[in-house]
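Structure first, commentary second.
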Amino acid sequence: GDPLPPRSEDGMAIYARWQRDLLLADFAGLCRYAAANRTLSPATSGRIVFIGDSITEAWLAGQPDFFTGDRIDRGISGQTTTQMLARFRADVVELQPRVVHIMAGTNDIAGNIGATSLDRIEANIRTMVDLAEAHGIAVVIGSVLPARQFNWRPEIASVAPIAALNVRLRALAAERNLVFADYYAALDDGEQGLAKVHAEDGVHPTEAGYAVMRPITERALASAAGKVS
C-alpha cells in the first residue's frame, strides 16, 4: 500500500529491495489477489480476466472505464511467466472467465528472477493456454511491447529477444487457433521502442499508450469470445 518510490537511482534501489523481499515472502504472488478473489460476485457469461505484469496491473489505473462489465485485472508488477503460471489456477481458472488475456514476457527477458530462455518463456505460456483450454476458457495472447532498454536492467539487450518472442507467440496463436493481439506493431516508434508519449520510461504505457492498445484489445476479445461455444 505504500506509494512507489521516485524514478531515481535511489528509488530504483528501494524498489529492487522490495521485489527481492517479495520473492522470498510470496514468490508466485498468490497473496496479492486472494482476498479480492474471495469476494468476487459469481462470474457472468462475459467475464474476462487479464493476467500479466506491471503493464497489465497499471492498465486499470490508466483506463478504469475499460475494466467494467466483469473485466478483471490480475496483473502483478515485476512478474515473469513462471510466476504467472504458478498463480494461473487461483487468478484465472477459479474465476471462471469466458476469456483470458495473457500478456507476458517482458520481465522474463529482463531476467527478473534469473536467466531464462525463449524456449522456457514459450513453454510457460503454452502451459497457461493448456490450462485455460482444459477449462473451456478462450485465450487472447498479447504481444510483448517494444522496448529499447529496461531502466531497471539497462545491461540487458532487449530488442532482439522481444522481436523473437513475438514471432513465437504469433506462431503459437496460429497453431492453437488463438487470438493474437499485436500491440507491438501499433506502438513501435519505428526504432523498435516506445515513443515518449506512449511510455515515458520506454516500457510502461501512458494513458495515450493504453489508448492505442484499447481498440486492438476490444477486437481481440470479441474474436476470442466468439470461439467459445
Could you tell me what fraction of 2.2 N^0.38 Å the Cα radius of gyration of the range 3-141 comes to, as a two-decimal ratio? 1.06
In square angstrom, what is the accessible area per residue of the chain with a 1.4 angstrom probe? 47
Quick one: net charge around A16, please, counting Lys, Arg +1 and Asp, Glu -1 for every other residue with C-beta under 12 Å from its C-beta. 0
What is the range 54-115 by shape, rounded, prolate or oblate, if you read a ≥ b ≥ c off the alpha carbon gyration tensor as root eigenvalues and call it rounded for a/c under 1.5, prolate for a/b larger than b/c, and oblate otherwise? oblate
For the range 91-96, take each phi angle, set θ = phi - 60°, evaluate the Karplus expression 6.51 cos²θ - 1.76 cosθ + 1.60, and give the result in whole Hz per residue in order, putting x for glycine and proline. 9, 10, 4, 6, 8, 6
Would you kindly derive the ³J(HN,Hα) couplings of the range 141-148 from the backbone phi angles with the Karplus curve 6.51 cos²θ - 1.76 cosθ + 1.60 (θ = phi - 60°), listing them in order in whole Hz, with x for Gly and Pro? 9, x, 5, 6, 6, x, 7, 6
List the relative contact order of the range 121-229 as a percent without decimals, with contacts defined as Cα pairs under 8 Å and 6+ residues apart. 29
Does the range 100-229 classify as rounded, prolate or oblate by the C-alpha gyration tensor (a ≥ b ≥ c root eigenvalues; a/c under 1.5 gives rounded; else a/b over b/c gives prolate, otherwise oblate)? oblate
Amide H neighbours of L30 under 5 Å, at least 5 residues apart or on other chains, H built in the peptide plane: list them. none
Here the residues of the range 87-102 lying in the modelled label zone of C31, meaning backbone nitrogen under 20 Å from a point 7 Å along Cα-to-Cβ, are 87-92
Percent of accessible area on the chain owned by carbon and sulfur, 1.4 Å probe? 55
Please report, ordered by residue number, every helix of the chain (full DSSP H runs) that is 18 Å or longer along its axis going by C-alpha atoms and whose mean Kyte-Doolittle hydropathy reaches -0.5. 9-25, 118-134, 159-176, 207-225
Quick one: which residues, 5 or more positions from G46 or on another chain, have an amide H under 5 Å from its amide H? H modelled 1.01 Å from N in the peptide plane, none for Pro or chain starts. none
Report the Cα centroid-to-centroid distance between the range 188-229 and the range 11-30 in angstrom, as an integer. 27
Calculated from DSSP H runs of 4 or more alone, at -39500 (n - 2.57) each and per residue, what is the 222 nm mean residue ellipticity of the chain, nearest 500? -13500 deg cm²/dmol
Quick one: which of 101-112, 197-208, 181-192 comes out on top by average Cβ neighbours within 10 Å, and what's the full order, highest first? 101-112, 197-208, 181-192
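The values are calculated or read from the model by the stated rules, or taken from the named source; none is laboratory data. Predicted, not measured: the structure shown is a model, and the values here were computed from it. Cβ: placed from backbone, ideal geometry, glycine included. Neighbour counts: every protein chain shown. Calculation scope for accessible area: heavy atoms of the full protein, side chains included, ligands and nucleic acids excluded. Shrake-Rupley method; radii C 1.70, N 1.55, O 1.52, S 1.80 Å.
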